[in-house]
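Each remark here refers to the structure printed beneath this line.
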Amino acid sequence: MKKKINIFLISTVFVTLVATLLIAVAIFRNMYKEQVLSEMRTYAALISSLSTSAAELEEQYTEDVAGLRVTLIDETGEVVYDSDVSGTLENHADREEVKEAEAEGEGWTIRYSDSLDSEMYYYAVELEDGSILRISREEASIWGIFTNTLKGIFGVGLIMLLVCLILSRQITAGIVSPIERMASNIDSAGTEGIYEELVPFVMTIRKQHEDILKSAKMRQEFTANVSHELKTPLTSISGYAELIETGIAGEKEIRHFAHEIHRSAQRLLTLINDIIQLSELDAGQMDISATDVDLYAAASACVESVSLNAKKQGIRIRCVGQPVTIRGDKNMIDELVYNLCDNAIRYNRPDGSVTVTVGERAGRAMLSVKDTGIGIPEESQERVFERFYCVDKSRSKNTGGTGLGLAIVKHIVAQHHAQIELESKVGVGTEITVWFDKAL
């Protein structure tokens with residue numbers, strides 16, 4: 001990065017110098033051209049006032065005047081006098097400056113002279129007798145002056161390049177240093193010494209870093225919890241099977257052990273299914289088959305399926321409300337309602353109740369599952385959607401809970417871009433509400 005910034009700064013300076021030089025050349029040449037033209041006009045006026053014939057010109061200007069070439073051209077374009085050429089010259093009637101002088105009284109141009117073999121400035125003025133007095137000057141003299149100036153310009157440019165090389169290193173260090181310090185202290189809480197424009201970028205990186213660490217910690221805890229949760233029923237199965245294998249247990253005990261083995265195996269299957277489903281949701285491998293889903297019909301069907309289990313535990317469950325259609329995955333919606341109802345039954349009290357409400361409020365579809373159970377302490381309400389988190393672990397084990405139901409609910413809610421709310425009071429009960437967008 002430093003190298004790129006240095007190259008960019010030096011290249012910018014170089015391009016700027018070259019552009020400045022070219023502009024200076026154009027301006028200088030134009031200014032000098034105007035100056036030369038003014039001088040030639042002055043000399044022409046002076047010469048025309050003193051000399052009006054070839055003889056007079058030859059007599060008075062036997063030597064160059066200020067490096068000027070003086071030419072007298074008659075009305076037909078024939079050269080009657082030239083201060084630099086003694087022989088006969090071709091007709092000058094077609095010369096641009098001569099034609100312009102005949103038309104407008106004066107004229108000028110810059111062109112190559114075959115007779116003098118050099119670029120020339122020409123200025124012509126019409127005299128009172130109709131003849132043309134032309135003053136010319138070599139352009140080489142102009143470039144000679146400018147060449148001397150160029151030496152100074154190139155010298156200054158070289159010095160500027162060297163200065164810029166030194167300054168670019170210092171500027172680059174000044175630009176990059178805060179970024180390097182930021183990279184070295186990305187986990188620091190403060191933003192001192194960081195460019196103001198980079199603060200949102202830094203905060204985003206820090207947040208992502210924190211999320212990565214949190215995710216890694218959650219995965220580690222998840223692995224530990226899975227191992228522990230799997231170990232408990234497996235230990236029970238192994239123990240009961242060993243007692244049966246030794247022949248110590250009688251027929252009555254065998255039936256009891258078989259029941260416990262069956263119960264532990266069911267818990268294993270439930271746990272494994274929940275883990276698989278949660279992993280698929282995590283990895284985004286579960287495809288959402290979006291269809292129009294009648295939320296009230298899904299809730300009613302779920303209530304009917306769990307009513308027998310609720311009745312066994314002395315829990316009354318009912319579904320109330322009105323039909324409302326959402327856009328979502330039917331299987332996932334069924335799973336969400338089932339997990340909410342299952343939790344409401346599992347953590348209820350004897351002779352308690354569960355009310356499932358479906359309806360429309362403020363233009364959105366609403367699903368509410370309210371129970372009269374043990375409730376959730378305020379300090380635990382933010383954690384109940386974490387994997388394997390249980391407010392009452394002993395109750396979860398006794399009722400066969402895995403601690404993954406609400407984690408699955410949270411994922412399904414996120415997949416459907418819905419929102420979830422929880423209200424709970426210890427000893428009174430819990431209400432979980434999910435808000436969906438209605439189907440168009």
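The values are calculated or read from the model by the stated rules, or taken from the named source; none is laboratory data. None of the values given here were measured: they were computed from a predicted structure. Please note: Cβ atoms are built from the backbone with ideal geometry, for glycine as well, and neighbour counts cover all protein chains shown. Surface accessibility is based on the protein's heavy atoms, side chains included, excluding ligands, DNA and RNA. Shrake-Rupley method; radii C 1.70, N 1.55, O 1.52, S 1.80 Å.
Tabulated data for the structure shown
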quantity: Exposure rank, largest accessible area first [Y347, Y338; 1.4 Å]; calculated: Y338, Y347
quantity: For M120, residues with placed amide H under 5 Å, excluding near neighbours; calculated: R111, Y112, S113, E139
quantity: Probe 1.4 Å - accessible area at R206, Å² to nearest ten; calculated: 20
quantity: Inter-label distance, nm, simple model (7 Å from Cα along the C-beta direction), L162/A301; calculated: 8.7
quantity: Chain lengthening between K312 and A103 when straightened (0.36 nm per residue, less Cα-Cα); calculated: 63.1 nm
quantity: Centroid-to-centroid separation of region 287-366 and region 258-273 [C-alpha atoms, Å]; calculated: 25
quantity: Phi to ³J(HN,Hα) by Karplus 6.51 cos²θ - 1.76 cosθ + 1.60 over region 16-22, Hz, x for Gly, Pro; calculated: 5, 5, 5, 4, 4, 4, 5
quantity: Label-point gap, in nm, between K33 and W435 - each point 7 angstrom along Cα→Cβ; calculated: 7.5
quantity: Long-range amide H partners of Q419 with built H, under 5 Å; calculated: W435
quantity: Computed label-point distance, nm, for sites A249 and E128 using a 7 Å Cα→Cβ extension; calculated: 14.5
quantity: Extended-chain gain in nm, criterion 0.36 nm per residue less alpha-carbon gap, N91 and V426; calculated: 108.7 nm
quantity: Calculated on alpha-carbon atoms, Rg and Dmax of region 291-366 in Å; calculated: 12.7, 38
